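The values are calculated or read from the model by the stated rules, or taken from the named source; none is laboratory data. As the structure is a prediction and not an experimental result, all values here were calculated from the model. Cβ atoms come from the backbone with ideal geometry, glycine included; neighbour counts cover every protein chain shown. Just the protein is used for accessible areas: all its heavy atoms, side chains included, with ligands, DNA and RNA removed. Shrake-Rupley method; radii C 1.70, N 1.55, O 1.52, S 1.80 Å.
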Amino acid sequence: MKTDMQAMVIHHYGKGPVSLERMPLPSMSPYEVRVKIKAASINPIDFKIRDGGLKMLLTYQFPLILGNDFAGEVYEVGDKVTQFKVGDKVYGRPRKSKIGTFAEYISVNAEEIAPMPKGLSYEEAASIPLVGLTAYQAINEVIQAQPGDKVLIQAGSGGVGSFAIQYAKAKGLYVATTGSDSGKELIESLNPDEFINYKEQDFSEVLKDFDGVFDTLGGENLEKSFQILKPQGIIASISGLPTERNARKLDKSIFKRGIFKAASYKYQRLAKKYDVQYEFLFMHPSGQQLREITELIEVGKIKPIIGKVYDFKETQKALEYSESGRAKGKIIVKMEDE
């Protein structure tokens, strides 16, 4: 019986490299399945966790295996699991307390995964869960967009943006997006209604009366986003700062709630000035939402956008390339076949 596995590990917060080590197989509850991972993808949250940027909200023990979404094959099934069997092809995003997809195996709650879309490779499927759920929840749960609504999706050639454009169009939204010449061809292949080359135009001077903004950039781009919204419009951000509401939802102390209230004060002040709302999206796993996304993939309304695939032993190179900001689409780590 297998008792350990290879995994990419960090031993403390900071910008140091991940190291390939042998780790015990993750424990498994009766409500979980153990999955043999075939591919995983790189996401910005990997850097935030590695660098300690989320340690006020999320607590991890070291050594820590990084990685936040995957595609693979069910290797073992918990006693209480009825919807999956050994050998099933699945994909998913584990809950934040049980990350660790840069490894040969992971144990994940059966409610947090879904059958892989038919016709996709493991690499293609691995590109979907985190960006797919992030876009789904930004558009449906935060912005609550309805067909015909106008939304700005920042950085349309990135991993999140390229998925979000497709999902928003599938929902019947009017989509504007930003990018540069290097990403123009990819972005235009996704058929947004407006493409703004940020090197030539300032989106805040071009767009107005939008219902929502999906912010994936933060900083000055986020601050300008308040200006283009109609009254009661909503910004869903994954690159700004968490708010007091985020800390409250995570049942953090009054002290920590106060810290996040102060940290996000600038955005709350801008929201009040322009009579709009600002929400930081703390995405949650959902097998049911992944099944809805699967349906859109299988009917051809959404396609995976992959920038580059690395072998598992090159995970550090994959992280560096993704962090460079040059990547178009998703960066994938492929596990070696045994």
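Some points to look at:
- The stretch 164-185 - residue that is in contact with a strand residue (DSSP E or B) (Cβ under 8 Å, 6 or more places away or on another chain) and basic (Lys, Arg) and, of those, nearest to residue 136 (Cα to Cα): 169
- Filtered residue count, the stretch 19-64, keeping only those that are open to solvent by 10 Å² or more (accessible area, probe 1.4 Å), in contact with a Ser or Thr (Cβ under 8 Å, 6 or more places away or on another chain) and of a type in the set (Val, Ile, Thr): 0
- Considering residues of the stretch 1-18 that are open to solvent by 20 Å² or more (accessible area, probe 1.4 Å) and assigned to a strand (DSSP E or B) only, the residue nearest to residue 125 (Cα to Cα): 6
- Positions within the stretch 43-78 being farther than 30 Å from residue 244 by Cβ and assigned to a loop (DSSP other than H, G, I, E, B), in sequence order: 63, 78
- Some residue of the stretch 187-203 being in a loop (DSSP other than H, G, I, E, B) and closer than 21 Å to residue 277 by Cα: no
- Residue match in the stretch 211-224 (condition: open to solvent by less than 20 Å² (accessible area, probe 1.4 Å), farther than 20 Å from residue 264 by Cα and not polar (S, T, N, Q)): no
- Some residue of the stretch 138-148 being on the phi < 0 side of the Ramachandran plot and within 14 Å of the chain's Cα centre (by Cα): yes
- Close pairs from the stretch 164-184: first under 18 Å from residue 225 (Cα atoms), partner among the hydroxyl-bearing types (Ser, Thr, Tyr) and not in a strand (DSSP E or B), Cβ under 6 Å, at least 6 apart: 178/198; 179/157
- Identity of the residue in the stretch 79-99, closer than 27 Å to residue 60 by Cα and either acidic (Asp, Glu) or not in a loop (DSSP other than H, G, I, E, B) (or both), that ends up most open to solvent (accessible area, probe 1.4 Å): 97
- For the stretch 284-323, filtering for residues that are touching a Lys or Arg at 6+ places or on another chain (Cβ under 6 Å) and within 13 Å of residue 118 (Cα to Cα) leaves 1.
- Filter result (surrounded by fewer than 16 Cβ atoms within 10 Å (Cβ to Cβ) and of a type in the set (Val, Ile, Thr)) within the stretch 291-318: 299
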